[in-house]
1. Under 27 Å from Lys571 (Cβ atoms), basic (Lys, Arg) and touching a Ser or Thr at 6+ places or on another chain (Cβ under 8 Å), is that true of Lys307?
2. Tell me which residues, restricted to region 383-404, are in a loop (DSSP other than H, G, I, E, B) and of a type in the set (D, E, K, R).
3. Please list, ordered by first then second residue, the pairs with beta carbon atoms under 7 Å, 6 or more apart or interchain, first in region 268-286 and in the same structural domain as Tyr541 (by TED's automatic domain parsing) and within 20 Å of Thr235 (Cα to Cα), second in a loop (DSSP other than H, G, I, E, B) and among the basic types (Lys, Arg).
4. In region 625-665, which residues are assigned to a loop (DSSP other than H, G, I, E, B), surrounded by 14 or more Cβ atoms within 10 Å (Cβ to Cβ) and in contact (Cβ under 8 Å) with a residue 24 or more places away in the chain?
5. If a residue has to be touching a strand residue (DSSP E or B) at 6+ places or on another chain (Cβ under 7 Å) and buried (at least 21 other Cβ atoms within 10 Å of the Cβ) to count, how many in region 162-187 make the cut?
6. Hey, does region 531-538 have a residue that's surrounded by fewer than 24 Cβ atoms within 10 Å (Cβ to Cβ) and under 21 Å from Lys344 (Cβ atoms)?
7. Would it be correct to say that Thr456 is under 15 Å from Ile312 (Cα atoms) and touching a strand residue (DSSP E or B) at 6+ places or on another chain (Cβ under 8 Å)?
Amino acid sequence: MNIKKSIVLRIRVAFLVTLLFSFAIGYKIINIQFIKSERWAKLHEENILDFKDVKPTRGNIFSADGSLLATSLPFYRLCIDPVIVENDVYRKGIDQLSKNLSAYFKDKSASEYKRKINDARRGNKRYIVLNHKLINYQDKKEMTEWPIFSEGRSKGGVVFEKVDKRFMPFSFLAQRTVGFVNEENHGAGLEYSFNKELAGKNGKALFKKISGGNWKPVHDENEITPVDGIDIVTTIDINIQDVAEASLRNHLAAHDADYGCVVLMEVATGEIKAIANLGKVAEGRYAENYNYAIGNQGLTEPGSTFKLASVIALFEDTDINLADTIDTGNGEYEFYDRIMRDSKPGGYGKITLQQAFEKSSNIAISKKVNEYFGAKPDKFLEYIQKMGLTEPVVFQMDGVAKPYFKTTASKTWSGTTLPWMSIGYELSMSPIHTLSFYNAIANNGKMVRPMIVKETRVADHVLDKYDTEVVVDKICSDETLRKVKIMLEGVVESGTATNIKNVNYKIGGKTGTAQRLVKQRYTQTYYTSFVGYFPADRPKYSCIVVIDNPKGFNLYGSDVAAPVFKEVADKIFAQDLELHTPIVPQELVNTGIYPTIKGGLFDDLKYLCDALKIPHHKGANANDDWVTSHLENKTVIWYDRKIVTGIVPDVTGLRLKDALYILENVGLHVQYQGTGRVVSQSITKGTRYNKGNYITIVLN
């Protein structure tokens, strides 16, 4: 009996526990479904909806003449919401749409595209990417006419996701200068240096998370429209840039050099018109992989181009003159425990200071600097500082190298430091810094800051305009300027760079050939350069050319770098009419002598004579279109120039255009020599000929 009661009691307890547990579950369900439903719905919405950044269109980069150096082109990713399409529209259009997709993308068959869209529609997927390949704007326009897509976004479900891609219309031209910015906002060149201006400001839009981890844009009234980036206008001249790069590439390849750069600057403004940087990427191939003109990899011992600073210090601190002589001996001279050598075997002997600079004598320059500044090297360094050489060039592009100059307090300063520093060793400068220095000479002593961006703008509205900045008002006295200009011109007229002498305009400049320091040892490899300005008598442009580690023979700056300078300068001189000496027109005196009129088409000659008020009339029986002339009593008389088929006509006295017209119209093949008017013809007038015969005419 007790056992029975115990069993019954246990059953009742179990039932009660089960009942209570059921109530607890029921309460939990009710609580979740009704009491906390709003909270869970909100949490669900937060997990699948998110405000994300919407990138703006990046600003353009223009050359000085308005040509595009870099721009953002719109491309599109093709997506669809297949659920939104009405049944009739979907049924009628899905087959043709699938065929169009297959024909365009060529990666799947029409049946595969149809299956992909059908599966998404049946699975109630509101957003699928049809193909990850980007399409251009023109293809996008054509696709809007396709079945289903023609119904638009709201009824056809088509979504064209815009993706901006950076495009350089001139391909690799000035590639490193234009630069880039990657997804981590690291980069180089103008794209990186002006990233804040070019990038614009992100907008915000609501996105919904869908299957596959993708996010679909959801239009919402809370969207924030992105602000597009602003444009920058550079100082680059596309034509000069092209010439600089082409010439540099050819000479780098010819000398199998490691790298090189060319920078061309406008003297008065500091505007950089061309900046080319090419490094070897494979045997015989060069590309813009680094900005050697301004960056640390281009920072090196300049060699003889620094001798200009040394002679300026001498002129400023002493009474030395161009004609003062220096004994360079047999080309070797010992400073303490080091021997300095000149490039000429046997040396230059006794030469003037001007000749020493023009011939680039290491010994002559070092002896004079050591003579006057050996006991006061800090004074020499003061002059270097006054010339603006010890501080970095503050430039509009990031990554500018800092110059390196020892001081007398440096641990490595020794008795040989000053002599070697005077000829461009034991110090480091970037090419753009050296150019700025030489540009100051051309600019009558005023050193201006190099400039590569002259304004920022939105459409035609200028936001910021960058003006020329002066770094040093006067790097030296006018008398010193006069002397060094004579020396710089002498380098080209009778010194180390006579190979680039030009009869049409003068160049002032300096060659540089420095031994390269490799693993703390000077090697028999060279850093070659030429820097200067032109036209020397009224400088408009300055330019530096650097070619590093050329191979083969003739490895001096005059042989390697200077020819590039000449090619660029010649091209600019030919195109820039401001560089040419104007021809003053002389007033013509009316002497009563009529201009020579040999003959031609009568209508043209009549118009000319009428315009010049020259009396003229046709001779007796003159009725042909082509005439010859004769002057009688201050009147031009026209006679027929008989043209008979099968008979060679007389074309002497005619311009090339008229002679070609007559001879080719009668069936002769014409060859010609010279310019001006026809003075002779290979087949005598009146001679019979056959069509297709050749005739040669000579003009003078």
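The values are calculated or read from the model by the stated rules, or taken from the named source; none is laboratory data. The shown structure was predicted, so the numbers you read here are calculated from the model rather than taken from an experiment. All Cβ positions, glycine included, derive from the backbone under ideal geometry; neighbour counts span all protein chains shown.
1. In short, no.
2. Of all residues in region 383-404, those in a loop (DSSP other than H, G, I, E, B) come to 387-403.
If the condition is that a residue be in a loop (DSSP other than H, G, I, E, B) and of a type in the set (D, E, K, R), then Glu391, Asp398, Lys402 are the ones that fit.
3. Going by the 7 Å Cβ cut-off, the qualifying pairs are Gly270/Arg449.
4. Within region 625-665, Arg641, Val648, Pro649, Asp650, Val651, Thr652, Gly653, Leu654 meet the criteria.
5. 5
6. no
7. Answer is no for this residue.
Listed here are the residues, each with its yes/no results for (1) part of a helix (DSSP H, G or I); (2) touching a residue at least 40 places away in the same chain (Cβ under 8 Å).
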| residue | (1), (2) |
| --- | --- |
| Tyr113 | yes, no |
| Asn118 | yes, no |
| Val129 | no, yes |
| Pro147 | no, yes |
| Gly152 | yes, no |
| Phe172 | no, yes |
| Glu183 | no, no |
